[in-house]
Amino acid sequence: MKILVVGGGGREHAIIKKLKENKNVTKIYALPGNGGIARDACTVDISAVDIPAIKEFALYNGIDYAVVAPDDPLVLGCVDELEAAGILCFGPNKAAAIIEGSKVFSKNLMKKYGIPTARYEVFDDRDKALQYLKTAPVPTVIKANGLALGKGVIIAETREAAENAVKAMMDDKIFGKSGESIVIEEFLTGPEVSVLSFTDGKTLVPMVSSMDHKRAGDNDTGLNTGGMGTVAPNPFYTKEVAAECMEKIFMPTVRAMNAEGRTFKGCLYFGLMLTPDGPKVIEYNCRFGDPETQVVLPLLKTDLLTVMQAVSSGTLSDIKVEFADKSACCVIVASGGYPGSYKKGCLIDMPEDVAEKAYIAGATEKDGRLYTSGGRVLGVTAVADDLRSAVEGAYAMAKEVKFENSFYRRDIGARALSALKED
Ligand code: AMP
Ligand code: GLY
């Protein structure tokens, strides 16, 4: 079988490595992939958002199955185009991807169907937004409606900061069109949990839970990033919480999307906060998380392609999706300066056994050597019987990765480990 994976980060590398475990897979193309992914797939220099070029490539190369991983091609309708050309896909169509593509849509969906989330107001007029802020409680959370590379959320500790955030989004348009409408919402507290799920629009199978570490610095300091490391499972996500989420959040979301004529098929990602009033949805993503995928898929025991095909054909209820009863930890090694500006083109030095296991996110290859090309350069994942050993294993590998100005957080998994101790 010839498979095409749209995307080119650590998440896509993890998906590709997992797909390769299926003996029927003869060739995997990554569009565009990256220098590290090139070890595991045939990389093709086509942008993940160049949908006409992706479609032409897929048709010309006789692709049997396509996995569209990133948010932007999904929101732009890549799956609709490929399916119209007769190519089976994993990923939601454009109508369903709006669950991530528009925060106004997702907030209104949750309100309409009684799915727990933070209280909110929507504004497309800056004066009305500023007026509202005069009496809104702080801290408050300001969110750009559209996609903003994961940066469209500003948590304002003071009224002045909140006003500045509104002005930055609506006057200065720091997120372009994405900030033309904004959501101002209640600030929630509690541990965060990421739950990725497979759904074919009828059945929903949650994957093992995980915990992201979004800030650049130790102890959750510094700027927000795409994610500096993950652990799975998330110890805050107990069996009881999982049952509550299934009943009050997961299945109601599947049914709500069906009722709206926007059946979701693919990986539906629930970003949850376990508040004192119960679990609430912070955000939906229409795709696998990055770097959650780098800890979740290594624990998946069932063949990934089989699960994906069951999602596509609407037969997810016929298969058993199993995860290993183990723990995983992924530590991201990044370029100094990220998420601000950073140097590129630095030679990456790491032992072969680490390179084999690493999920490469931002690197180019030249003469058999890898050079940095992104902020998040790579992730190293260790799987072990318990979380402590997984964390130690990931750090043992991270230590061996060397390039100029590299850095990684030293506390990935620390909060999860202390939660386990309290048990
Ligand atoms: P997002 O880009 O939607 O994942 O938001 C980024 C981060 O902002 C989340 O992971 C949360 O830590 C935080 N956040 C978003 N919404 C809220 C909220 N209503 N209350 C508290 N924190 C939030
Ligand atoms: N790790 C968060 C995300 O993928 O959106």
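Taking the criterion of being away from ligand 2 (no atom under 16 Å from the Cβ) and open to solvent by 70 Å² or more (accessible area, probe 1.4 Å), the residues of region 131-154 that qualify are Gln131, Tyr132, Lys134, Thr135, Pro137. Take the residues in region 312-335 that are surrounded by fewer than 24 Cβ atoms within 10 Å (Cβ to Cβ) and of a type in the set (A, V, I, L, M, F, W, C); name whichever of them is farthest from ligand 1 (Cβ to nearest atom). Applying the filter and picking the extreme gives Ile319. Just one of the numbered conditions (1) more than 13 Å from ligand 1 (Cβ to nearest atom); (2) within 28 Å of Ala361 (Cα to Cα); (3) surrounded by fewer than 20 Cβ atoms within 10 Å (Cβ to Cβ) is not true of Val195: (3). Residues that are within 16 Å of ligand 1 (Cβ to nearest atom) and surrounded by fewer than 16 Cβ atoms within 10 Å (Cβ to Cβ) are absent from region 252-266. Examine region 349-368 for a residue that is within 15 Å of Ala232 (Cα to Cα), of a type in the set (Gly, Ala, Ser) and loosely packed, with under 15 Cβ neighbours inside 10 Å, and state whether such a residue exists. No.
A Cβ distance below 6 Å, combined with a sequence gap of six or more or placement on separate chains, defines the contacts here; from region 376-398, residues that are open to solvent by 50 Å² or more (accessible area, probe 1.4 Å) reach residues that are among the basic types (Lys, Arg) and modelled with pLDDT of 95 or more in the pairs Val383/Lys326; Asp385/Lys326.
Would you mind stating whether Lys173 is under 28 Å from Pro73 (Cβ atoms) and within 12 Å of ligand 1 (Cβ to nearest atom)? Criteria not met by Lys173.
Report, by residue number, each residue of region 205-241 that is assigned to a loop (DSSP other than H, G, I, E, B) and out of contact with any Pro (no Cβ under 7 Å at 6 or more places or on another chain). The answer is Met207, His213, Lys214, Gly226, Met228, Pro233, Asn234, Pro235, Tyr237, Thr238. Remark: pairs (first residue in region 312-328, free of Cβ contacts under 8 Å to residues at least 40 places away in the same chain; second residue open to solvent by less than 30 Å² (accessible area, probe 1.4 Å); Cβ separation under 6 Å; 6+ apart in sequence or on different chains) = Ile319/Ala310; Glu322/Thr302. The test for being more than 12 Å from ligand 1 (Cβ to nearest atom), free of Cβ contacts under 8 Å to residues at least 40 places away in the same chain and in contact with a strand residue (DSSP E or B) (Cβ under 6 Å, 6 or more places away or on another chain) does not hold for Met228.
Got a sec? Which of Tyr237, Tyr284 is open to solvent by 30 Å² or more (accessible area, probe 1.4 Å), within 16 Å of ligand 2 (Cβ to nearest atom), aromatic (Phe, Trp, Tyr) and more than 21 Å from Ala66 (Cβ to Cβ)? Every option except Tyr237 fails the conditions.
The requirement of being touching a Gly at 6+ places or on another chain (Cβ under 8 Å), of a type in the set (A, V, I, L, M, F, W, C) and under 21 Å from Asn285 (Cα atoms) is not satisfied by Val49.
The values are calculated or read from the model by the stated rules, or taken from the named source; none is laboratory data. Because the structure is predicted, anything quoted here is derived from the model rather than measured. Counting neighbours? That spans all protein chains shown, and the Cβs are built from the backbone with ideal geometry, glycine included. Accessible surface areas use protein heavy atoms only, side chains included; no ligands, DNA or RNA. Shrake-Rupley method; radii C 1.70, N 1.55, O 1.52, S 1.80 Å.
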